[in-house]
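K.L.:
Dumping the structure here so I can ask a few things about it.
The values are calculated or read from the model by the stated rules, or taken from the named source; none is laboratory data. All of these numbers come straight from a predicted model, not from anything done at the bench. Glycine also receives a Cβ, built like all others from the backbone with ideal geometry; neighbour counts cover every protein chain displayed. Areas reflect the complete protein model, heavy atoms only, side chains present, ligands, DNA and RNA absent. Shrake-Rupley method; radii C 1.70, N 1.55, O 1.52, S 1.80 Å.
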Amino acid sequence: MLKKAVGIVIRRVAYGDNHLIITFLNEAGVKVALIARNARKSTKYGSGLDLFYENLFIFSQFKGMGTLSSVDTINSHYEIREDIYVMTYAQYVVELIDRALEEDETNPYAYQLLKVALTHMERSDKARLITLLVSIKCMPLYGYVPNFKYSTYDGNMTHKDFIAYSFQFNSVVTQEALIEDPHAIPMTNKSLYMLYLLSEVPIESLSSINIEQSLIDEMETLVYKMYDEFIGVFIKSRKILEQMRRLDNYK
């Protein structure tokens with residue numbers, strides 16, 4: 001019996017000489033793995049099995065991996081592929097969400113986050129900011145929740161007083177907390193406040209956000225450190241992004 005599902009391609013792996021194993025995230029937030037037979041030798045599926053494609057998938061599945069019958073493309077997100085930076089940021093987002101979900105997990109929010117992010121990434125000037133926002137929104141999926149709202153050291157909730165982020169207290173902190181944690185990461189007050197806003201803003205509001213690049217630099221550095229210290233997930237695309245950024249700075 002054939003099944004139908006709308007989803008976004010998040011992974012594709014060569015299988016044998018002719019086949020592909022593709023994984024898509026469906027609207028329910030479930031990862032579905034299918035074998036696309038002869039996909040590497042045939043034009044049957046067109047480009048519909050490429051990363052970022054949102055398709056209607058028709059497939060058969062009884063137990064374990066299913067077999068793909070056909071795809072009907074809804075949105076190719078073609079504009080993402082026109083810029084190497086945007087494409088790499090999109091790959092980072094896809095990998096980050098993919099790694100956050102167990103194979104049998106159901107999480108509709110993850111699908112919504114991916115769909116909204118890819119849609120807005122088609123505007124290249126937003127790609128880096130959207131990636132930062134997705135990185136913050138994905139942290140709870142990995143079991144970690146940062147605290148940009150108040151200082152756990154003294155309960156201070158006055159945003160203008162925050163000058164650093166403490167991994168020891170896992171929160172923003174004021175000058176007084178540095179006595180207990182001299183290794184807290186210094187941050188501009190504006191960056192810490194923007195991180196608070198990004199953690200609270202609904203993902204549907206992405207298009208209305210504009211932040212200067214210097215602040216994104218600072219926030220991005222802290223968020224990456226959080227992934228390194230608290231989550232410990234390695235995202236291959238992040239290394240590529242950092243290498244490209246270093247080359248740009250060198251030029």
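K.L.:
I'd like the antiparallel share, as a percent to the nearest 5, of DSSP beta bridges with both residues in the chain. Let's see the in-between values first.
P.N.:
On the way: 33 of 35 bridges.
That works out to approximately 95 percent antiparallel.
K.L.:
Which value at 222 nm does the chain reach when only helices count, each DSSP H run of 4 or more adding -39,500 (n - 2.57), with the total divided by all residues and rounded to the nearest 500 deg cm²/dmol?
P.N.:
Values: 6 runs with 84 residues, N = 251.
Theoretical 222 nm ellipticity from helices: -11000 deg cm²/dmol.
K.L.:
Something else now. Here are some values of Cα Rg over 2.2 N^0.38 Å: [x] 1.13; [y] 1.01; [z] 1.06. Which one was computed from this structure?
P.N.:
[x]
K.L.:
Sequence gap at least 6, Cα distance under 8 Å: using those rules, report the relative contact order of the chain to the nearest whole percent. Intermediate values should be presented prior to the final figure.
P.N.:
Details: 399 pairs, mean separation 36.0, N = 251.
Rounded, it is 14 percent for the chain.
K.L.:
For the chain, which whole percent of the accessible surface, found with a 1.4 angstrom probe, sits on carbon and sulfur atoms?
P.N.:
Working: 6520 of 12710 Å².
C and S fraction of accessible area: 51 percent.
K.L.:
Pop the C-beta distance of R40 and D217 into the FRET formula with R0 = 30 Å and round what comes out to the nearest 0.05. Display every interim value, and only then the final one.
P.N.:
Numbers: r = 41 Å, r/R0 = 1.35.
Computed FRET efficiency for R40 and D217 comes out at 0.15.
K.L.:
Determine the alpha carbon to alpha carbon distance for each of K149/K225; K160/K236; K4/K236; K63/K239; K3/K126; K3/K137 and list only those over 27 Å. Walk me through the numbers on the way to the answer.
P.N.:
Numbers: K149/K225 19 Å; K160/K236 36 Å; K4/K236 31 Å; K63/K239 37 Å; K3/K126 36 Å; K3/K137 31 Å.
Violating the 27 Å Cα-Cα cut-off are K160/K236; K4/K236; K63/K239; K3/K126; K3/K137.
K.L.:
Okay, moving on. With label points built 7 Å along Cα→Cβ from the Cα atoms of K149 and Q168, find their separation and express it in nm.
P.N.:
My value for the distance between the label points is 2.4 nm.
K.L.:
If eta is 0.890 mPa s and T is 25 °C, what Stokes-Einstein diffusion coefficient results for the stretch 133-184, Kirkwood Rh from Cα pairs, in µm²/s? Please list the in-between numbers first.
P.N.:
Working: Rh = 11.4 Å.
Answer from the Stokes-Einstein relation: 215 µm²/s.
K.L.:
Given springs between every Cα pair under 10 Å in a Gaussian network model of the chain, which of T88, T221, T106 has the largest fluctuation?
P.N.:
T221
K.L.:
Follow-up question, since we're still on this one. Can you list the chymotrypsin sites (Phe, Trp or Tyr not before Pro) in the stretch 1-75 that are in a DSSP coil and have 10 or fewer other beta carbons within 10 angstrom?
P.N.:
Working: sites: Y15, F24, Y45, F52, Y53, F57, F59, F62; in loops: Y45, F52, Y53, F62.
Within the stretch 1-75, the qualifying chymotrypsin sites (Phe, Trp or Tyr not before Pro) (loop, at most 10 other Cβ atoms within 10 Å) are F62.
K.L.:
Taking 2.2 N^0.38 Å as the expected size of a compact globular protein, what ratio does the Cα radius of gyration of the stretch 48-160 give against it, to two decimals?
P.N.:
Details: Rg = 17.7 Å, N = 113, 2.2 N^0.38 = 13.3 Å.
Normalised by 2.2 N^0.38 Å, the Cα Rg of the stretch 48-160 equals 1.33.
K.L.:
Right, something else. At 4 °C and 1.567 mPa s, what whole-number value in µm²/s does Stokes-Einstein give for the translational diffusion of the stretch 120-251, with Rh from the Kirkwood sum over Cα pairs?
P.N.:
It comes out at roughly 83 µm²/s.
K.L.:
Gain in length, M157 to D17, computed as 0.36 nm per residue apart minus the alpha-carbon separation, to one decimal in nm?
P.N.:
Details: separation 140, 0.36 × 140 = 50.40 nm, distance 5.93 nm.
Contour length minus the Cα-Cα distance gives 44.5 nm.
K.L.:
Would you work out the charge dipole size for the chain about its Cα centre, treating the Cβ of every Lys and Arg as +1 and the Cβ of every Asp and Glu as -1, and quote it to the nearest 20 debye?
P.N.:
Around 1120 debye, computed over the chain.
K.L.:
Which residue, S171, S237, S205, tops the fluctuation ranking in a GNM of the chain built on C-alpha contacts under 10 Å?
P.N.:
Top of the fluctuation ranking is S205.
K.L.:
Stretch Y224-S70 to full length: gain in nm at 0.36 nm per residue minus the Cα-Cα span? Can you show the working numbers first?
P.N.:
Working: separation 154, 0.36 × 154 = 55.44 nm, distance 3.88 nm.
Length gained between Y224 and S70: 51.6 nm.
K.L.:
Additional query: Given a 1.4 Å probe and heavy atoms of the protein chains only, how would you sort M139, M65, largest accessible area at the top?
P.N.:
On the way: M139 0, M65 95 Å².
Output order, biggest surface exposure first: M65, M139.
K.L.:
How far, in nm, would the chain grow between E105 and R81 when pulled straight, counting 0.36 nm per residue and subtracting the alpha carbon separation?
P.N.:
Numbers: separation 24, 0.36 × 24 = 8.64 nm, distance 2.91 nm.
Stretched fully, the E105-R81 segment lengthens by 5.7 nm.
K.L.:
Going by accessible area, probe 1.4 Å, with all protein chains left in place, what is the ranking of F169, F148, F230, largest first? Mind dumping the intermediate values first?
P.N.:
Details: F169 50, F148 5, F230 80 Å².
My answer, sorted largest first, is F230, F169, F148.
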